[in-house]
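Chemist: Structure incoming, see below.
The values are calculated or read from the model by the stated rules, or taken from the named source; none is laboratory data. Predicted model only: the values in this text are computed from it and were never measured. Here the Cβ positions follow ideal geometry from the backbone for every residue, glycine too, while neighbour counts run over all protein chains shown.
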Amino acid sequence: MDSGQPLWLGRSVDDGLPSDAVMPLLLDGHAIGAIGLAFAPSAPRMGPSQRAIIRTVAGQCAQALDRARLYAVEHEVAEVLQRSLLPRELPRLARLAAASRYLAGSADTQAGGDWYDLIPVDDHRVAVAVGDVVGHGPGAAAVMGQLRSALAAYLLDGHGPAAALERLDRFAARIPGAQGSTCVCVTLDWLSGELRYARAGHLPVLFVGPDGTRYAEEGAGTVLAVVGRPAFAEGAATITPGTSVLIYTDGLVERRDEVVDEGLARLAAAAERHREADPDGLADRVIEDVLGGTGPRDDVALVVVRLVPAPLAVTLPAAAASLRTLRRAITAWATAAGLPAAAVDDLQLAVGEAAANAAEHAYPDTPGTFDAALRRMASGEIAVRVRDRGRWRPAPPDPGFRGRGLQVVRAIGRDVRVTADDSGTEVVFRVPVTARPVAAPVAPVAAVDTGGPVVVVTGDLDLTTVDEVRARLMAAIERGGRVVVDLRQVRHLSSAGVRLLAEAADRAPQLSVIALGLSAVARVLRLTGVDDLLAVHLEP
């Protein structure tokens, strides 16, 4: 055999791949792989020229394989470096709800230089920054880390957005690879709602609030590390609780075949469609609508922050009619706070039951009032306090169908405490904030036998409506047959309604209920154990 790389001849069946020749892939004298070749039975005997060609191909394959390995290692290093330089999670603040997303682009397999940060700068202000470094790979990730750290230091020193960018620009001029980077910096005072912002070549901030969606065009400036640029400008706005602020990188809106204004319009339209969603939901739905199913071609960083309203505090007459007023106030506050729908339902149920106890039991002889207070904690949970200034009726020896209100409170709330003394009764608990469905998804059920009377209930089944529904339900039970209670159009089911269903089930063993599977009503039926007392049919 010729001198040079060895060429082993002979048929091999290793790994199930037959080969007539095997050539090692050598790099600096070390084998990093091998290639096998199979020839047709009619192929002529291999000569020196054929062997030389194979060795040449093997040498090129060895170099290509080595480059691929180095590229994979470089990509992994860049991705790990970039991920380690981004916040693992955003700080938790009582007056600010926030969500962040980072998506690696599909156009380039290397990690990029997009970054974001959220920094509490004092006891009532927070700074949010998003930036984009030119290029990809470990170099871009390293530049990104330096810019992010430097800007955070300037903001923590008390500098406003424009002043912080001025200092960041001077710093970037000393960092190879930082020229042309973009950045947007925002500070928000959650007590006053004042928001200040400045941009270094970055796309505008998007406001999404109850009064509509708009871009903040002020505060525009030149990309970082450009000689002779004008001073950075600073814009200002005052936002109200419930307003979300979207800050993002160009990978979310830019396309090669269109002007950037089209992408900005697409983003604004998506945000407007989902403006009532909580920050996590808004971030997910905006990305889904704007990018579709194709994913981003470039890296995307997105931060959504929403100003949370001050704690809710109401004082209402201890009467059944006040419970609906309380529910409306909770809905408005929770929506402005950016709570997911499931958490709003849980608040309505738990707070409503605590208040219903005050309305029913605190003032047996004279009118009175109760207080309800809700505040968002830094953990994201909602702290609740309901207090009256009366005396609850003593619990009867046989509570009958009662006692399900506090059962709901304890099932939903954490650290539930009921304290009673001569000055009144106080119920304190915390409600976790999750985006879970209000009830588990259910499979289709068999058709309900409606051969007997059907009692359809709409709206709210609570203290104000329970007597009217009781009259209709008991009349249907008196007529006999399989009575069905249709709760599919009920928005709110209180413990008063639960007591009625339990009482009716005791009188009519064949009683059944229809409810929607993904509804607050289904959740109450499960939490109170009513689904063990009668047949509950849940529709998907």
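Chemist: Pairs please, first residue from segment 167-194 and surrounded by fewer than 19 Cβ atoms within 10 Å (Cβ to Cβ), second anywhere and at pLDDT 95 or above and of a type in the set (Phe, Trp, Tyr), Cβ atoms under 6 Å, 6+ apart in sequence or on different chains.
Modeler: Arg167/Tyr154
Chemist: Suppose the filter is within 18 Å of Asp250 (Cβ to Cβ), assigned by TED's automatic domain parsing to the domain that holds Val303 and not in a strand (DSSP E or B); does Gly180 pass it?
Modeler: Values: within 18 Å of Asp250 (Cβ to Cβ): yes; assigned by TED's automatic domain parsing to the domain that holds Val303: yes; not in a strand (DSSP E or B): yes.
Answer is yes for this residue.
Chemist: Charged (D, E, K, R) and at pLDDT below 90: which single residue out of Glu258, Glu234 fits that description?
Modeler: Numbers: Glu234 fails: at pLDDT below 90.
Of the residues listed, the single one that is charged (D, E, K, R) and at pLDDT below 90 is Glu258.
Chemist: Return yes when Arg214 is out of contact with any helix residue (DSSP H, G or I) (no Cβ under 6 Å at 6 or more places or on another chain) and closer than 12 Å to Glu166 by Cα and no when it is not.
Modeler: Numbers: out of contact with any helix residue (DSSP H, G or I) (no Cβ under 6 Å at 6 or more places or on another chain): yes; closer than 12 Å to Glu166 by Cα: no.
Taking the combined requirement at face value, the residue does not satisfy it.
Chemist: Would you check if Arg256 is surrounded by fewer than 20 Cβ atoms within 10 Å (Cβ to Cβ), touching a helix residue (DSSP H, G or I) at 6+ places or on another chain (Cβ under 8 Å) and at negative phi? Talk me through it step by step, then tell me what you get.
Modeler: On the way: surrounded by fewer than 20 Cβ atoms within 10 Å (Cβ to Cβ): yes; touching a helix residue (DSSP H, G or I) at 6+ places or on another chain (Cβ under 8 Å): no; at negative phi: yes.
Criteria not met by Arg256.
Residue-by-condition table, conditions (1) modelled with pLDDT of 90 or more; (2) more than 28 Å from Arg375 (Cα to Cα); (3) of a type outside the set (Val, Ile, Thr); (4) surrounded by fewer than 20 Cβ atoms within 10 Å (Cβ to Cβ):
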{"position": "Ala111", "(1), (2), (3), (4)": "no, yes, yes, no"}
{"position": "Val128", "(1), (2), (3), (4)": "yes, no, no, no"}
{"position": "Val133", "(1), (2), (3), (4)": "yes, yes, no, no"}
{"position": "Gly139", "(1), (2), (3), (4)": "no, yes, yes, yes"}
{"position": "Gln146", "(1), (2), (3), (4)": "yes, yes, yes, yes"}
{"position": "Leu156", "(1), (2), (3), (4)": "yes, no, yes, yes"}
{"position": "His159", "(1), (2), (3), (4)": "yes, yes, yes, no"}
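Chemist: What number of residues in segment 195-211 are over 17 Å from Ala265 (Cα atoms), crowded, with 21+ Cβ neighbours inside 10 Å and either among the β-branched types (Val, Ile, Thr) or out of contact with any helix residue (DSSP H, G or I) (no Cβ under 7 Å at 6 or more places or on another chain) (or both)? Talk me through it step by step, then tell me what you get.
Modeler: First pass over segment 195-211, keeping only residues over 17 Å from Ala265 (Cα atoms): 195-201, 210-211.
Checking which are crowded, with 21+ Cβ neighbours inside 10 Å leaves us with 195, 197-200.
Remaining after also requiring either among the β-branched types (Val, Ile, Thr) or out of contact with any helix residue (DSSP H, G or I) (no Cβ under 7 Å at 6 or more places or on another chain) (or both): 195, 199.
Going through segment 195-211 one residue at a time, the tally reaches 2.
Chemist: Does Val22 count as modelled with pLDDT of 70 or more and touching a strand residue (DSSP E or B) at 6+ places or on another chain (Cβ under 6 Å)?
Modeler: Yes: the conditions hold for Val22.
Chemist: Considering only residues that are modelled with pLDDT of 85 or more, within 27 Å of the chain's Cα centre (by Cα) and outside any strand (DSSP E or B), which ones fall in segment 415-439?
Modeler: Pro432, Val433
Chemist: I would also like to ask the following. Here's a check for you: in segment 470-520, which residue that is in a loop (DSSP other than H, G, I, E, B) and within 22 Å of Pro540 (Cβ to Cβ) is modelled with the lowest pLDDT?
Modeler: Going residue by residue through segment 470-520, those that are in a loop (DSSP other than H, G, I, E, B) are 480-483, 494, 508-511, 517-519.
Those still in the list that are within 22 Å of Pro540 (Cβ to Cβ) too: 517-519.
On the way: Gly517: 84, Leu518: 80, Ser519: 86.
It comes out as Leu518.
Chemist: If we scan segment 347-359, do we find a residue that is at pLDDT 90 or above, of a type outside the set (Gly, Ala, Ser), farther than 30 Å from Val286 by Cα and part of a strand (DSSP E or B)?
Modeler: No: segment 347-359 contains no residue that is at pLDDT 90 or above, of a type outside the set (Gly, Ala, Ser), farther than 30 Å from Val286 by Cα and part of a strand (DSSP E or B).
Chemist: Would you point out the residue of segment 494-521, among those that are touching a strand residue (DSSP E or B) at 6+ places or on another chain (Cβ under 7 Å) and β-branched (Val, Ile, Thr), that is farthest from Ala341 (Cα to Cα)?
Modeler: Across segment 494-521, the extreme among qualifying residues is Val513.
Chemist: Could you please let me know if His124 is touching a residue at least 40 places away in the same chain (Cβ under 8 Å), out of contact with any Pro (no Cβ under 9 Å at 6 or more places or on another chain) and surrounded by fewer than 18 Cβ atoms within 10 Å (Cβ to Cβ)?
Modeler: Values: touching a residue at least 40 places away in the same chain (Cβ under 8 Å): yes; out of contact with any Pro (no Cβ under 9 Å at 6 or more places or on another chain): yes; surrounded by fewer than 18 Cβ atoms within 10 Å (Cβ to Cβ): yes.
Considered against the rule, which asks whether it is touching a residue at least 40 places away in the same chain (Cβ under 8 Å), out of contact with any Pro (no Cβ under 9 Å at 6 or more places or on another chain) and surrounded by fewer than 18 Cβ atoms within 10 Å (Cβ to Cβ), His124 comes out as yes.
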